[in-house]
Amino acid sequence: MKVSELLQGIPCTGTYNDVEVLDVTQDSRLVEPGYLFVCIKGASFDGHAVAAEMLEKGAVAVVCDHDMGLPSQVITPNTRDAYATICANYYGNPAEKLQLIGLTGTNGKTTTTFLIKQILENAGKKVGLIGTVQNMVGSEVYPAKYTTPEAHELQKLFSLMVQAGCQYCVMEVSSQALAQGRVKGLHFALAAFSNLTQDHLDYHKTWENYFNSKRILFENCDKAVTNADDKNGLKIVEGLPCQVTTYAVDTNSADYVAKNLNFKPSGVEYELVAPENIGRCHCPIPGRFSVYNSLCAATCALELGVPFGDVLTSISKSKGVKGRIEVVPTDTDFTVIIDYAHSPDGLENIISSLREIATGRIMTLFGCGGDRDKTKRPKMGRIAAELSDFCVVTSDNPRSENPHAIIEDILVGMQGISTPYVVVENRKEAIAWALHHAEPGDIVLLAGKGHETYQILPTGTIHFDEREVVAEILAPRKNESIYFTGSGGSLRLAPNASPGHLGRCLHGYKKNTAGQPVCLLAGGTV
């Protein structure tokens with residue numbers, strides 16, 4: 001494809017040789033002779049700084065946002081938008097041959113998109129999926145690096161879907177992707193909104209920016225499905241020309257309403273009241289948020305023309321999603337659940353949902369990510385302490401930050417709350433501590449990592465799959481006590497823990513040279 005063909009639909013000027021282009025990229029590390037390089041200014045690197053170097057490496061031209069005086073340059077006002085269009089042109093605009101269904105919101109996107117995909121497939125459609133856990137072309141699975149990929153990968157996935165005969169693509173659309181123009185030029189047959197709570201303010205800086213980024217999706221759709229129970233549900237589609245359909249649990253005036261809710265360990269049941277039908281819906285994924293996720297999925301499918309009975313049947317046969325209220329097989333008298341909850345609202349939702357089915361204590365193990373919104377940390381600490389029976393505060397993905405400093409931020413929110421807790425900074429040791437102190441009937445919630453199989457530490461990224469960690473800890477040590485070496489200051493006791501809790505917390509803990517159990521991070525002995 002020639003340069004001029006790639007630039008179709010882009011306002012631009014400049015001078016360049018209209019030659020064949022081998023590929024397109026915004027990553028300077030990938031440039032080879034015959035490539036077209038698009039200069040994009042990111043948070044830490046500006047592609048314009050290496051534009052001349054890219055020409056020296058053999059790029060046929062560079063796309064920039066101002067005149068750089070280069071012999072082969074394309075000048076356009078917004079290179080991010082241009083990149084999205086160029087990538088679409090490069091792959092032959094495959095999205096135009098698909099019905100795009102986009103879902104945005106803070107929580108619930110992954111489970112809901114999987115549910116929609118399963119409903120459509122059970123209706124005989126071939127469906128692609130793009131999201132946080134994985135990308136799929138029919139039944140073929142492709143790894144996912146971002147919730148919504150960069151334009152080049154996104155268009156490549158669309159192209160693969162078209163080649164495979166897919167009719168639909170169901171995709172999670174993140175606020176960052178919308179703000180960065182990754183989905184620029186795409187038109188959605190249907191866009192859905194789940195909810196909006198605090199997240200990603202490290203990137204968006206203000207709530208208004210976060211909200212406005214989400215709203216972009218609904219400016220480019222034919223139909224909008226939105227949560228009328230969320231205070232932002234109607235606001236996000238206000239004044240837009242798309243057809244709006246609402247769903248709700250608490251708001252009777254919505255188009256689709258869930259009534260007579262029944263929560264069970266095996267899932268949730270409710271009456272789905274639709275404009276022209278009513279039926280009992282069973283979703284085999286427990287928790288109140290599963291009502292919202294399945295209701296949103298059902299509403300989307302019904303608005304796409306799937307028969308009412310088929311929707312109810314499909315939801316009843318649905319499977320869970322890795323890392324979303326995932327029960328880990330343990331062969332123990334307590335339950336271990338992995339969930340991706342990594343925001344205040346997400347953590348509140350999962351603990352509240354587990355409370356509805358718990359017969360024993362809820363022991364919540366959680367941390368907060370480094371290099372991300374710090375204001376979430378005390379909020380998550382408060383929520384965990386208020387809703388759990390016991391908390392294990394640990395590390396998540398600290399990235400470049402000191403894990404201990406992140407934990408200190410979390411503990412601020414736990415002050416004044418009577419719920420006992422321990423701090424075990426090393427996440428593997430924390431999981432071991434929780435499993436060895438779980439009692440019959442307890443639910444041990446491992447929150448924050450979900451589907452991830454890695455941990456990002458200040459020293460680099462390591463393999464870390466909590467399913468493997470749980471199996472490793474329990475399989476060889478079912479009848480052993482857990483011991484901590486104390487290296488790095490791994491254990492800390494809550495100042496409000498009762499003597500009984502102290503006795504249990506310190507069971508099997510190595511003593512110092514004086515024979516005393518040591519509370520390392522607190523800097524003293526007990």
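The table below lists the values:
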read-out	value
Residue ranges of helices (runs of 4 or more DSSP H) in segment 359-461 with at least 2 members closer than 26 Å to residue 321 by Cα	376-387, 427-437
Residue in segment 422-437 that is free of Cβ contacts under 8 Å to residues at least 40 places away in the same chain and among the aromatic types (Phe, Trp, Tyr) present	no
The listed residue being in contact with a Phe, Trp or Tyr (Cβ under 7 Å, 6 or more places away or on another chain), farther than 23 Å from residue 443 by Cα and modelled with pLDDT of 95 or more, out of 313, 226, 245	226
Residue ID - farthest from residue 81 (Cα to Cα), chosen from residues in segment 2-45 that are in contact (Cβ under 8 Å) with a residue 60 or more places away in the chain, buried (at least 17 other Cβ atoms within 10 Å of the Cβ) and hydrophobic (A, V, I, L, M, F, W, C)	21
Evaluation of residue 350 against (1) open to solvent by 40 Å² or more (accessible area, probe 1.4 Å); (2) within 23 Å of the chain's Cα centre (by Cα); (3) not polar (S, T, N, Q) (one fails), failing number	(1)
Any hit, segment 356-363, residues being among the basic types (Lys, Arg), surrounded by fewer than 24 Cβ atoms within 10 Å (Cβ to Cβ) and more than 18 Å from residue 114 (Cα to Cα)	yes
Selection within segment 135-159 - in contact (Cβ under 8 Å) with a residue 24 or more places away in the chain and farther than 28 Å from residue 307 by Cβ	146, 147, 148, 149, 150, 151, 152, 154, 155, 156, 157, 159
Number of the exception - residue 75 against (1) farther than 20 Å from residue 165 by Cβ; (2) crowded, with 24+ Cβ neighbours inside 10 Å; (3) in contact with a strand residue (DSSP E or B) (Cβ under 7 Å, 6 or more places away or on another chain)	(2)
Of all residues in segment 79-120 being of a type in the set (Val, Ile, Thr) and touching an Asp or Glu at 6+ places or on another chain (Cβ under 9 Å), the one that is modelled with the lowest pLDDT	106
Failed item in (1) part of a loop (DSSP other than H, G, I, E, B); (2) surrounded by 13 or more Cβ atoms within 10 Å (Cβ to Cβ); (3) not charged (D, E, K, R), with residue 261 passing the rest	(1)
Counted residues, segment 137-161 - those being open to solvent by 10 Å² or more (accessible area, probe 1.4 Å) and either in a loop (DSSP other than H, G, I, E, B) or on the phi > 0 side of the Ramachandran plot (or both)	7
Selection status of residue 337, among the β-branched types (Val, Ile, Thr) and part of a helix (DSSP H, G or I)	no
Some residue of segment 409-421 being open to solvent by less than 10 Å² (accessible area, probe 1.4 Å), modelled with pLDDT of 95 or more and charged (D, E, K, R)	no
Long-range neighbours under 6 Å by Cβ, at least six apart or interchain, first residue part of a loop (DSSP other than H, G, I, E, B) and at pLDDT 95 or above within segment 464-479, second among the hydroxyl-bearing types (Ser, Thr, Tyr) and open to solvent by 20 Å² or more (accessible area, probe 1.4 Å)	464/454; 465/453
All positions within segment 96-116 that are assigned to a helix (DSSP H, G or I), more than 15 Å from residue 165 (Cβ to Cβ) and open to solvent by 10 Å² or more (accessible area, probe 1.4 Å)	96, 109, 111, 114
Selection within segment 118-136 - open to solvent by 10 Å² or more (accessible area, probe 1.4 Å) and either out of contact with any helix residue (DSSP H, G or I) (no Cβ under 8 Å at 6 or more places or on another chain) or not in a loop (DSSP other than H, G, I, E, B) (or both)	118, 121, 122, 124, 125, 126, 134, 136
Selection status of residue 327, among the aliphatic types (A, V, I, L, M) and either open to solvent by less than 20 Å² (accessible area, probe 1.4 Å) or closer than 17 Å to residue 259 by Cα (or both)	no
Test: residue in segment 454-467 that is open to solvent by 20 Å² or more (accessible area, probe 1.4 Å) and of a type in the set (Gly, Ala, Ser)	yes
Of residues in segment 330-347 being farther than 15 Å from residue 449 by Cβ and of a type outside the set (Val, Ile, Thr), the one most open to solvent (accessible area, probe 1.4 Å)	331
Odd one out for residue 86 among (1) touching a residue at least 24 places away in the same chain (Cβ under 8 Å); (2) closer than 26 Å to residue 225 by Cβ	(2)
Qualifying residue in segment 298-310 (condition: within 19 Å of the chain's Cα centre (by Cα), assigned to a loop (DSSP other than H, G, I, E, B), in contact (Cβ under 8 Å) with a residue 12 or more places away in the chain and surrounded by 20 or more Cβ atoms within 10 Å (Cβ to Cβ))	no
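Residue by residue, here is whether (1) of a type in the set (Gly, Ala, Ser); (2) within 21 Å of residue 159 (Cβ to Cβ) holds:
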site	(1), (2)
7	no, yes
18	no, no
25	no, yes
47	yes, no
51	yes, no
54	no, no
68	no, no
98	no, yes
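Per-residue answers, yes or no, for (1) surrounded by fewer than 22 Cβ atoms within 10 Å (Cβ to Cβ); (2) small (Gly, Ala, Ser); (3) closer than 30 Å to residue 261 by Cβ:
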site	(1), (2), (3)
163	yes, no, no
216	yes, no, no
223	yes, no, yes
237	no, no, yes
244	yes, no, yes
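This table checks each residue for (1) closer than 18 Å to residue 85 by Cα; (2) modelled with pLDDT of 95 or more; (3) touching a helix residue (DSSP H, G or I) at 6+ places or on another chain (Cβ under 9 Å).
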position	(1), (2), (3)
138	no, no, yes
164	no, yes, no
171	no, yes, yes
192	no, yes, yes
195	no, no, yes
198	no, no, yes
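The values are calculated or read from the model by the stated rules, or taken from the named source; none is laboratory data. Nothing here was measured: the structure is a model prediction, and the numbers come from that model. A quick note on method: Cβ atoms are made from the backbone with ideal geometry, for glycine too, and the neighbour counts reach across all protein chains shown. Ligands, DNA and RNA are excluded from the accessible area calculation, which covers all protein heavy atoms including side chains. Shrake-Rupley method; radii C 1.70, N 1.55, O 1.52, S 1.80 Å.
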